[in-house]
Structure formats: structure tokens, C-alpha cells
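Report on the structure given below.
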Amino acid sequence: NAGVMQNPRHLVRRRGQEARLRCSPMKGHSHVYWYRQLPEEGLKFMVYLQKENIIDESGMPKERFSAEFPKEGPSILRIQQVVRGDSAAYFCASSPPDEKLFFGSGTQLSVL
Amino acid sequence: GENVEQHPSTLSVQEGDSAVIKCTYSDSASNYFPWYKQELGKGPQLIIDIRSNVGEKKDQRIAVTLNKTAKHFSLHITETQPEDSAVYFCAASDGRGNKLVFGAGTILRVKS
């Protein structure tokens, strides 16, 4: 059973470009979470999704950030018009309904 | 909303000694408390968790205790080994069960 798969592992973008981060949950998991981690800091919640539904987006910046988890395919975290402050590690986690979250290896976003 | 405080931020121990990391939380409705270990360049890995209906749980050299009245929980690692060196995060479920709120992390260094 493969773990949570995130790609790409590293993503470099110039200011103003778009970043798309992908996450495939573990088999059988219908809940996906996105967290952001700045260097030497903890994990900050961004958004919680179930298939085709956003359940909690209280941690998402109001502009430029969006997330989806379609019926088919991976969950996508999309950042439009990236700025240097968006540089961070973005982690996806998936879970079955019992709350145990399993994390992927993350995507390191660097904005030049 | 839920707030999780974690101490200490760094901890150095001699190989073979015990290490204790403590966390407090604010939301009395929280009922799930996992601990994660994160190694450099990797995603957080679940190492042990506890639910509010028990006060203590042990798995080999790792144990977690929970005091619901005082709203604090602790991670205990006995007979530490160099491979225990990593960043450890505590977390608490928010009252609605929608997400985990993480502490800021503890850098554990085990000196051989």
C-alpha cells in the first residue's frame, strides 16, 4: 500500500507565476489535508477536503490560494501569482474517518 | 480555536538517557492527541497517539501521557539512541474534529 504521494518534490517558480502542487492520498483514504511549514516552524493548517467538497478552509489565505479534490485524480493546491513569501514546504496528509493523519514527503516551493 | 503550546523547543540528551516533551492545549473538546517525528527533508511520521478516554499509552521505548483536567500531554522516550534525533511535533484535534493543530516542534539531539 503506497503512502501519500506528493509531486513535485521541488518546485521553483518566478514571482507572478502559478504553482500547482499535487497529492494522491493513501488507498482507501477519502480525507485530504494541506499544511504549510516555514523553516524551523511548525505545521500550519491550510485546508481540509473530502472528495469534491471543501470542509474547512479556515487556514487558506483569502487570495491567490485554492484547493480541490476532484472525484477522480489527485488533490491540487494551486497558488496563483506567487510571491517570495509563498516559499515554504507544503505537506499533504490523508486519513480515513478515524483522524489518523499520514503525511507525504512534501513539496518544497521556492519562489525566485 | 485550538492552540497548542510545546516545550522545550530544543532538547539535548546523552545516549541512553530519557527525553520528555510536553504540550498543552486550549480546547477542552479536543479528544485526539498524536505525536509526529520529522527527519530532515522528510514528511512528519506518526509515532504514537492517544485518545481522551485513556491516560497513558506505551509502545516499546515511547510512551504518551494525557491529563485532560490540566489539558496537557507528554511524550516520553526512554533509552534514547542517536537515530531518535529529529524534530518532534505534538498535535491536538480541534473541537470539531476537522483538523489537527500542531505545536511548534522540539528539536531532539541525542549525543553519543
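Computed from the coordinates by the stated procedures, all read-outs in this text should not be read as laboratory data. Given the structure is predicted, the values throughout are model-derived calculations rather than measurements. Here the Cβ is made from the backbone with ideal geometry for all residues, glycine too, and neighbour counts use every protein chain on show.
The criterion of at least 2 residues that are touching a residue at least 12 places away in the same chain (Cβ under 8 Å) and closer than 25 Å to B:Gly41 by Cα is met, among strands (runs of 3 or more DSSP E) falling completely within the stretch A:1-88, by A:5-7, A:10-13, A:19-24, A:31-37, A:43-50, A:65-68, A:75-79. Scanning the stretch B:72-84 for residues that are part of a loop (DSSP other than H, G, I, E, B) and either on the phi > 0 side of the Ramachandran plot or surrounded by fewer than 22 Cβ atoms within 10 Å (Cβ to Cβ) (or both) yields a count of 3. Scanning the stretch B:65-79 for residues that are among the β-branched types (Val, Ile, Thr) and over 11 Å from B:Val20 (Cα atoms) turns up just one, B:Thr69.
When you scan the stretch B:17-49, how many residues do you find that are closer than 30 Å to B:Ser112 by Cβ and either aliphatic (A, V, I, L, M) or not in a loop (DSSP other than H, G, I, E, B) (or both)? Talk me through it step by step, then tell me what you get.
Restricting attention to the stretch B:17-49, the residues satisfying the condition of being closer than 30 Å to B:Ser112 by Cβ are B:17-23, B:34-49.
Subsequent filtering for residues that are either aliphatic (A, V, I, L, M) or not in a loop (DSSP other than H, G, I, E, B) (or both) retains B:19-23, B:34-38, B:40, B:45-49.
Looking only at that region, the number is 16.
Checked against (1) more than 10 Å from chain A (Cβ to nearest Cβ); (2) out of contact with any helix residue (DSSP H, G or I) (no Cβ under 7 Å at 6 or more places or on another chain); (3) not in a loop (DSSP other than H, G, I, E, B), B:Leu108 meets all criteria but (2).
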